[in-house]
Amino acid sequence: MLQLPTPHGDKIKALLHNPKLPMKERSRVKLVIARYDDWVSRLRKMAGASKPTIAGLVSLLNDYKQYIDVDLIFDSPDDFLYRQKGQLKLDNSVIEEFLPVFITTMLSGELRENKLSFGPTNCFSGLRFESSLNAMKPGGGLVIRSKAQDFAISRKLYLSASHDADFQEAVKEATHVAYVVAECKTNLDKTMFQEAAATALDVKTAVPSAKYYLLCEWLDMTPISTSTTAIDEIIILRKGKRLPANIREEFNTWRDRKNNKELYVNYLQSHPFSTATFARFVKHIQNLFHDDTEDSVLARGYF
């Protein structure tokens, strides 16, 4: 079975050993670990089914993500988990762990025997040679520049540089070449959009054939065209906007959250993760495996 990364599971287990975690929260986190194990087991079972469906996988995601967002974070009696959720990455790491399972399940035929890696990883973004006439170094001082990606379909790459034809004195580096990159955001604002545009350009400068997607749960900005950027598409997974700031202010304390819980839960349930948005992401990747032939180009009349 393909070994996939577990960024969300790692975050939860690390939280249990976080010295800043209030003592009364530890029992709640232990319950989350059990719930996480059950979620992973259900995902694996569905992934191994003869005909797994996007709707089935997304349903499991909705169920578990609601548990994390509401039962763990929103109901936090000490406010610690709610206020530190961005730093702890308990909620957005769920998507990072779900995507590798989802993509490898829905595209198992296309991805078979390609020796690809899936999930969060550091991917090649450039190289330089740190040497000069008065500071000679092996391999020209080869230095690889990498960038952490939330989700990538990539392949391991080994590089070696030497001034000797027999590579007796050489510098060796290992990295990943990313062919599909997706940055995952909980709330997408204009600053994040601009940062993603810069990252997308770096990705495509390093690998011109690569595709770059920006996935977010909630939109927190006025939509901006991606046509002037290197971003291939922005996909809003819940098809919804972030709750306004004046409403979020009502969630600052445990008492406030308790009084306004129904509003928050209703908003989540009215904007579940959409099967259609995940299907669109799958379709984008699927299209990368279908090379045009001369006949297909002539049949439709364009390429």
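Counting other beta carbons within 10 Å of each Cβ, put Leu72, Leu214 in order, fewest first.
Taking fewest neighbouring Cβ atoms as first place, the list is Leu72, Leu214.
Between 0 and 90 degrees, rounded to the nearest ten: what's the tilt of helix 92-106 against the longest Cα principal axis of the chain?
Relative to the chain, helix 92-106 is tipped by roughly 60 degrees.
Taking only Cα atoms, what is the 0 to 90° angle, nearest 10, from helix 7-16's long axis to the longest principal axis of the chain?
Rounded to the nearest ten degrees, it is 50.
Would you indicate which of (i) -0.23, -0.38, -0.59, -0.72; (ii) -0.34, -0.55, -0.79, -0.91; (iii) -0.26, -0.43, -0.63, -0.74 is the value of log10 I(q)/I(0) by the Debye sum over Cα atoms at q = 0.07, 0.09, 0.11, 0.12 Å⁻¹ derived from the coordinates of this structure?
Label of the calculated value: (ii).
On a full-extension model of 0.36 nm per residue, what is the gain between Lys172 and Ser27, subtracting their alpha-carbon distance, rounded to one decimal in nm? Present the calculation step by step, with values, prior to reporting the outcome.
On the way: separation 145, 0.36 × 145 = 52.20 nm, distance 4.65 nm.
Result: 47.5 nm gained on full extension.
Quick check for me: using +1 on Lys/Arg Cβ and -1 on Asp/Glu Cβ, what's the dipole size of the stretch 180-247 about its Cα centre, in debye to the nearest 20?
Working: 8 positive and 8 negative charges, 44 e Å.
Computed about the Cα centre, the dipole is about 200 debye.
Hey, what did the chain get for relative contact order, percent, Cα under 8 Å, at least 6 apart?
14 percent
For the chain, which longest stretch is free of loop sites, where a loop site is one of the GluC sites (Glu not before Pro) that DSSP puts outside H, G, I, E and B and that has at most 12 other Cβ atoms within 10 Å?
170-303
Normalised by the number of residues in the stretch 1-64, what is the relative contact order in percent for Cα pairs under 8 Å and 6+ residues apart? Spell out each step's value before the answer.
Numbers: 20 pairs, mean separation 16.8, N = 64.
About 26 percent, as a whole number.
List the chymotrypsin sites (Phe, Trp or Tyr not before Pro) within the stretch 225-294 that DSSP assigns to loop and that have no more than 12 neighbouring Cβ atoms inside 10 Å. Could the numbers behind the result be given before it?
Working: sites: Phe251, Trp254, Tyr264, Tyr267, Phe273, Phe278, Phe281, Phe289; in loops: Phe273, Phe289.
Sparse-neighbourhood loop chymotrypsin sites (Phe, Trp or Tyr not before Pro): Phe289.
Within 10 Å of each residue's Cβ, count the other Cβ atoms and sort Arg28, Arg44 from fewest upward.
So the residues, fewest neighbours to most, are Arg44, Arg28.
Relative to the first principal axis of the alpha-carbon coordinates of the chain, what is the inclination of helix 23-47, with its axis defined by its Cα atoms, in degrees from 0 to 90 and to the nearest 10?
60 degrees
What's the lysine pair count for the stretch 153-238 at a Cα cut-off below 18 Å, pairs eight or more apart or interchain? Intermediate results must be reported in sequence, preceding the final value.
Details: Lys156/Lys172; Lys156/Lys204; Lys156/Lys211; Lys185/Lys211.
For the stretch 153-238, qualifying lysine pairs total 4.
Mind checking which aspartates and glutamates have their C-alpha under 14 Å from Lys239, skipping anything on the same chain fewer than 8 residues away?
Glu217, Asp220
Coordinate-derived values only; no laboratory data. Everything numeric here is computed off the predicted structure, so don't read it as measured data. Using ideal geometry, Cβ is built from the backbone for each residue, glycine included, and neighbour counts are taken over all protein chains shown.
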